[in-house]
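*Asks:* There's a structure below that I have some questions on.
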Amino acid sequence: MAKLNSGILGGISGTVGNVVGGRWRGIDYIRSKPASVKNPNTEAQQEQRMRFRLTMSLLKKIRPYVSAGFQNGNRQQTAMNAAMSVNVREAIGGTFPNLEIDPSKLVVSVGDLAGSAQAELDVSVAETATVTWLNEAGTGNASDDDAVMALLYNKEKDDVIYKLHGASREDETLSITIPSSWSGDTVAGYITFRSETDRNVSNGIFLGEETAA
């Protein structure tokens, strides 16, 4: 049974039919009861949970990269939540129950710092990944001093390697040591440019997938 706290115009405390009343931080509120779910385990719900698990599993491995790459998003969301929101929708390929991360659709950063029109990944040398890009400093808001963040993703081993620092835009190249156990595996690469003040980033740039030597 509900109670009227301050007469007929006061807030409701309790339940009336399918309406629930209460008070939170000094504010009276009412809301409807959630509808009962007859089947909480439909195929659509199973698929959504699987999408969530796959996305979260990968993003947790690259949390520092995500924290930098989504720092300029919606201020009402954490960087991780912003990355989850876009990648649950965009980065999952296949048909349920055979879902998997699609490296070509993975979003690793979102921002309006200028990127690079030409960027490549080379893993033809054993235990080495080399990332190259075209320095476009002076175009838009690009600067020689912008840092380059790089990410490598081995889907077969569900493993990642990333660097948040190590090269500037003007360097046009960055080398990363990869495990010998990655030999023969397909490696996906990504880079993100980050302003000298760390206040802005570029959209993530997918470098393609190459077989490691």
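The values are calculated or read from the model by the stated rules, or taken from the named source; none is laboratory data. Bear in mind that the values here come from a model prediction, so they are computed numbers and not experimental data. Counting neighbours? That spans all protein chains shown, and the Cβs are built from the backbone with ideal geometry, glycine included. Areas reflect the complete protein model, heavy atoms only, side chains present, ligands, DNA and RNA absent. Shrake-Rupley method; radii C 1.70, N 1.55, O 1.52, S 1.80 Å.
*Asks:* With a 1.4 Å probe and every protein chain left in place, work out the accessible area per residue of the range 121-213 in Å², rounded to a whole number.
*Replies:* 45
*Asks:* Once both labels are modelled 7 Å past Cα along the beta-carbon direction, what's the V125-N81 spacing in nm?
*Replies:* In this crude spin-label approximation the distance works out to 4.4 nm.
*Asks:* Further, regarding this structure: Could you check how much of the accessible area of the range 83-147 is carbon and sulfur, as a whole percent, using a 1.4 Å probe?
*Replies:* About 45 percent, which is the carbon plus sulfur part of the accessible surface.
*Asks:* How much of E127 can a 1.4 Å solvent probe reach, expressed as accessible area in Å² and rounded to 10?
*Replies:* Rounded to the nearest 10, the figure is 90 Å².
*Asks:* Same structure again: Under 8 Å for C-alpha pairs, at least 6 residues apart: give me the relative contact order for the range 105-213, rounded to a whole percent.
*Replies:* 37
*Asks:* Moving on. Provide, for q = 0.10, 0.12, 0.20 Å⁻¹, the log10 of I(q)/I(0) from a solvent-free Debye sum over equal Cα point scatterers in the range 51-192.
*Replies:* Evaluating at q = 0.10, 0.12, 0.20 Å⁻¹ gives log10 I(q)/I(0) of -0.35, -0.51, -1.29.
*Asks:* Semi-axes, largest first, in whole Å: what does sqrt of 5 times each Cα gyration tensor eigenvalue give for the range 127-213?
*Replies:* 26, 12, 11
*Asks:* A further question on this structure: Find how many whole Å separate the alpha carbon centroid of the range 89-132 from the alpha carbon centroid of the range 38-70.
*Replies:* 17
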